[in-house]
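Asker: Submitted below is the structure of interest, expressed as structure tokens.
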Amino acid sequence: MQPTMNTVDPAEVAKFQAMAAEWWDPNGKFKPLHMLNPCRLDYITRQIAAEFNRDLTSEKPFEGLTLLDIGCGGGLLSEPMARLGATVVGADAAERNIPVAQVHAEQSGLTIDYRHTTAEAIAAAGEQFDIVLNMEVVEHVADPQEFITVCQQLVKPGGLMICSTLNRNAKSFAMGIIGAEWVMRWLPKGTHEWSKFITPDELYGMLETGGLTPVDRKGFVFNPLGWSWSISDRDLSVNYVTTSTKTAA
């Protein structure tokens with residue numbers, strides 16, 4: 001199916017273009033993602049292993065699986081997925097992210113197909129993947145429903161999509177905007193727009209409308225005392241993640 005529109009928001013892409021060189025600096029502008037990454041990886045690997053009946057104790061448990069990392073940035077998720085054996089395509093609309101990701105993958109001895117492209121372009125080419133990672137992207141696009149619908153086209157029948165974003169409420173404004181951008185200065189001011197945050201029920205509705213079946217959702221919870229993240233079954237008040245599947249043909 002030919003996508004009907006391009007959901008890329010040029011202003012959002014420009015924000016991440018400006019920060020591209022800092023992707024692999026754990027104390028730079030992407031410090032929040034470096035801190036969150038172990039928690040994200042724990043959730044992602046468990047969901048993939050359960051869906052495809054893979055043993056995470058094996059050397060390359062995801063061997064034979066194809067994976068698309070939409071909004072891959074510098075490759076913080078693409079690289080561990082490749083290490084676990086998946087055949088990875090990393091796609092990003094911000095052109096300057098791609099050479100950063102390519103150089104780091106080469107230095108790490110990893111083969112990853114990084115592309116400066118969009119979800120719509122990949123869908124238009126007819127490509128599909130066993131797994132689509134759609135992490136912290138949907139709150140940056142021009143039309144979230146259209147974007148989710150396009151992403152569904154990228155999932156093979158019987159495959160899954162893992163999608164994370166930020167909830168929209170007073171707590172997420174306090175922590176995601178005031179705390180992360182204004183007080184802690186983990187991110188430049190204006191990185192996120194609170195009005196673009198999406199509630200879990202809204203995202204579930206978008207996934208279902210887009211042709212996917214939501215099967216799980218969890219919260220990513222930050223503990224300021226322990227300075228650490230954890231996965232919660234109940235607390236989806238700020239950062240959260242969902243897994244949805246596509247019916248097998």
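The values are calculated or read from the model by the stated rules, or taken from the named source; none is laboratory data. For clarity, every value in this text was computed on a predicted model and none was experimentally measured. All Cβ positions, glycine included, derive from the backbone under ideal geometry; neighbour counts span all protein chains shown. Note: areas computed on protein heavy atoms with side chains; ligands, DNA, RNA excluded. Shrake-Rupley method; radii C 1.70, N 1.55, O 1.52, S 1.80 Å.
Asker: Output the residue which, of all residues in the range 83-101 that are open to solvent by 50 Å² or more (accessible area, probe 1.4 Å), under 18 Å from the mean Cα position of the chain (by Cα) and free of Cβ contacts under 8 Å to residues at least 60 places away in the same chain, is nearest to PRO38 (Cα to Cα).
Answerer: ARG83
Asker: Are any residues in the range 46-61 within 17 Å of LEU133 (Cα to Cα) and either exposed (fewer than 12 other Cβ atoms within 10 Å of the Cβ) or touching a strand residue (DSSP E or B) at 6+ places or on another chain (Cβ under 8 Å) (or both), and if so, which ones?
Answerer: If the condition is that a residue be within 17 Å of LEU133 (Cα to Cα) and either exposed (fewer than 12 other Cβ atoms within 10 Å of the Cβ) or touching a strand residue (DSSP E or B) at 6+ places or on another chain (Cβ under 8 Å) (or both), then GLN47, ILE48, GLU51, PHE52 are the ones that fit.
Asker: Scan the range 126-154 and report the pairs whose first residue is more than 21 Å from ILE48 (Cα to Cα) and whose second residue is at pLDDT below 95 and of a type in the set (Asp, Glu), with Cβ atoms within less than 7 Å and a gap of 6+ or a chain change.
Answerer: HIS140/ASP9; HIS140/GLU12; VAL141/ASP9; ALA142/ASP9
Asker: Let me ask something else about it. Residue under question is TYR114, and the condition is that it be part of a helix (DSSP H, G or I), among the hydroxyl-bearing types (Ser, Thr, Tyr) and either touching a helix residue (DSSP H, G or I) at 6+ places or on another chain (Cβ under 7 Å) or in contact (Cβ under 8 Å) with a residue 12 or more places away in the chain (or both); does it hold?
Answerer: Numbers: part of a helix (DSSP H, G or I): no; among the hydroxyl-bearing types (Ser, Thr, Tyr): yes; either touching a helix residue (DSSP H, G or I) at 6+ places or on another chain (Cβ under 7 Å) or in contact (Cβ under 8 Å) with a residue 12 or more places away in the chain (or both): yes.
So TYR114 does not fit the description; no.
Asker: Only one of (1) within 20 Å of ILE48 (Cβ to Cβ); (2) modelled with pLDDT under 95; (3) open to solvent by 40 Å² or more (accessible area, probe 1.4 Å) is not met by ARG217, so which one is it?
Answerer: Going through the list (1) within 20 Å of ILE48 (Cβ to Cβ); (2) modelled with pLDDT under 95; (3) open to solvent by 40 Å² or more (accessible area, probe 1.4 Å), ARG217 breaks only (2).
Asker: Out of GLN153, GLN102, I need the residue that is farther than 20 Å from PRO10 by Cα and at pLDDT below 95. Which one?
Answerer: Working: GLN153 fails: at pLDDT below 95.
Only one candidate passes the filter, namely GLN102.
Asker: Can you name the condition, by its number, that GLU51 falls short on among (1) part of a helix (DSSP H, G or I); (2) over 20 Å from VAL155 (Cβ atoms); (3) among the acidic types (Asp, Glu); (4) in contact (Cβ under 8 Å) with a residue 24 or more places away in the chain?
Answerer: For GLU51, the exception is condition (2).
Asker: Then there is this: Would you pick out the residues in the range 83-100 that are part of a helix (DSSP H, G or I) and out of contact with any helix residue (DSSP H, G or I) (no Cβ under 7 Å at 6 or more places or on another chain)? I'd like the intermediate steps shown before the answer.
Answerer: Of the residues in the range 83-100, the ones part of a helix (DSSP H, G or I) are 83, 97-100.
Result: ARG83, ILE98, PRO99.
Asker: Within the range 178-198, does at least one residue satisfy the condition of being modelled with pLDDT of 80 or more, open to solvent by 80 Å² or more (accessible area, probe 1.4 Å) and either closer than 22 Å to ILE131 by Cβ or assigned to a helix (DSSP H, G or I) (or both)?
Answerer: So far as the range 178-198 goes, no, none of its residues is modelled with pLDDT of 80 or more, open to solvent by 80 Å² or more (accessible area, probe 1.4 Å) and either closer than 22 Å to ILE131 by Cβ or assigned to a helix (DSSP H, G or I) (or both).
Asker: Does GLY158 satisfy being more than 16 Å from the chain's Cα centre (by Cα) and open to solvent by less than 40 Å² (accessible area, probe 1.4 Å)? Show your work before the answer.
Answerer: On the way: more than 16 Å from the chain's Cα centre (by Cα): yes; open to solvent by less than 40 Å² (accessible area, probe 1.4 Å): yes.
Against the criterion (more than 16 Å from the chain's Cα centre (by Cα) and open to solvent by less than 40 Å² (accessible area, probe 1.4 Å)), GLY158 qualifies.
Asker: A further question follows. Tell me which of these SER232 doesn't satisfy, since it passes every other one: (1) modelled with pLDDT of 95 or more; (2) open to solvent by 20 Å² or more (accessible area, probe 1.4 Å); (3) closer than 29 Å to ALA121 by Cβ.
Answerer: (3)
Asker: Moving on to the next point. Scan (1) open to solvent by less than 30 Å² (accessible area, probe 1.4 Å); (2) assigned to a strand (DSSP E or B) for the single condition PRO80 breaks and write down its number.
Answerer: So PRO80 meets the others, but not (2).
Asker: Of all residues in the range 197-227, which are of a type in the set (S, T, N, Q) and touching a residue at least 24 places away in the same chain (Cβ under 8 Å)?
Answerer: First pass over the range 197-227, keeping only residues of a type in the set (S, T, N, Q): 199, 209, 213, 223.
If the condition is that a residue be of a type in the set (S, T, N, Q) and touching a residue at least 24 places away in the same chain (Cβ under 8 Å), then THR199, THR209, THR213 are the ones that fit.
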